[in-house]
Amino acid sequence: MSKLKIVTQTDNIEGKKTKVVTDNWMDDCAWATLACAANHLTGTKYTSFDGVKWGEAVGRKDRDGLPDPSSLAQLVKAGPLAGLKVTYPKTWADVEKALGAGAVILVNVEQAKGYPPVTMSKWHVDHQKRKPGSTYGHMTCAAKTDEGIFWADPTMSGKGKEVYGVPVTLQQLKQIASSKGDAPHKRCLIARKK
């Protein structure tokens, strides 16, 4: 299986219409991540804009320039629109088993609280310069390929060095999934081809 290709959310900066925020606000990480999972599993070429439409179809109401986060339940409901079956794992062992069987794992995080040393996006590095030490709720995903486990962060641009997810170990992925303080499997969803 090929590397996990980024679907960026940086093409969907909010606040342009309402000018409510000027800090490059983006809150469509869930939908860019679902598009990433769909592309990886089905060979499609969805973008964050496709994902946002799925969110709207399952009841997400976004206000331009304001933080309107999506829920895990909305991602489960939207899965079929992306050609996916999205389910909740019951244990971390379920996550490991699904990852090994070719599923994409959606991971809800508090970025980058307690993260292991992994490569972060240029957007994240710049954000830390603007707001040192700040963290934020975020959706990412991971998949196992022939070359190992790769973790995709939709704040990556999808260009240059940020075309593909970055390599992580299983232990690093578990640490990332633990960033909100819950048992790691409680912040994960399993995405499979429908």
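The values are calculated or read from the model by the stated rules, or taken from the named source; none is laboratory data. Computed from a predicted structure; not experimentally measured. In this analysis, Cβ positions are derived from the backbone assuming ideal geometry, glycine residues included, and neighbour counts consider all displayed protein chains.
If you scan the stretch 162-194, which residues turn out to be modelled with pLDDT under 95 and either part of a helix (DSSP H, G or I) or basic (Lys, Arg) (or both)?
Once the filter is applied, which keeps residues that are modelled with pLDDT under 95 and either part of a helix (DSSP H, G or I) or basic (Lys, Arg) (or both), the stretch 162-194 yields only LYS194.
Taking the criterion of being in contact (Cβ under 8 Å) with a residue 40 or more places away in the chain, among the aromatic types (Phe, Trp, Tyr) and surrounded by 14 or more Cβ atoms within 10 Å (Cβ to Cβ), would at least one residue in the stretch 103-125 satisfy it?
Taking every residue of the stretch 103-125 in turn, at least one turns out to be in contact (Cβ under 8 Å) with a residue 40 or more places away in the chain, among the aromatic types (Phe, Trp, Tyr) and surrounded by 14 or more Cβ atoms within 10 Å (Cβ to Cβ).
Would the stretch 179-191 turn up any residue that is among the small types (Gly, Ala, Ser), within 24 Å of THR42 (Cβ to Cβ) and either in contact with a Gly (Cβ under 7 Å, 6 or more places away or on another chain) or without any contact (Cβ under 8 Å) to a residue 40 or more places away in the chain (or both)?
Checked the stretch 179-191: at least one residue is among the small types (Gly, Ala, Ser), within 24 Å of THR42 (Cβ to Cβ) and either in contact with a Gly (Cβ under 7 Å, 6 or more places away or on another chain) or without any contact (Cβ under 8 Å) to a residue 40 or more places away in the chain (or both).
Taking GLN128 and the conditions (1) part of a helix (DSSP H, G or I); (2) under 20 Å from ARG187 (Cβ atoms); (3) free of Cβ contacts under 8 Å to residues at least 12 places away in the same chain; (4) not aromatic (Phe, Trp, Tyr), which numbered condition does it fall short on, given that it satisfies the others?
(2)
Which condition does MET139 not pass, out of (1) part of a loop (DSSP other than H, G, I, E, B); (2) in contact (Cβ under 8 Å) with a residue 24 or more places away in the chain, if it passes all the others?
Among (1) part of a loop (DSSP other than H, G, I, E, B); (2) in contact (Cβ under 8 Å) with a residue 24 or more places away in the chain, the lone unmet condition for MET139 is (1).
Mind checking whether some residue in the stretch 149-165 is surrounded by 13 or more Cβ atoms within 10 Å (Cβ to Cβ), over 15 Å from the mean Cα position of the chain (by Cα) and free of Cβ contacts under 8 Å to residues at least 40 places away in the same chain?
no
Out of the residues in the stretch 1-17 meeting the condition of being of a type outside the set (Val, Ile, Thr), part of a loop (DSSP other than H, G, I, E, B) and under 15 Å from ALA152 (Cα atoms), tell me which one is modelled with the lowest pLDDT.
Out of the qualifying residues, it is SER2.
Considering only the stretch 61-100, how many residues are modelled with pLDDT of 95 or more and part of a loop (DSSP other than H, G, I, E, B)?
Total meeting the criteria: 5.
Which condition number does PHE150 fail, the rest of (1) outside any strand (DSSP E or B); (2) out of contact with any helix residue (DSSP H, G or I) (no Cβ under 6 Å at 6 or more places or on another chain) being met?
Just one mismatch for PHE150, condition (1).
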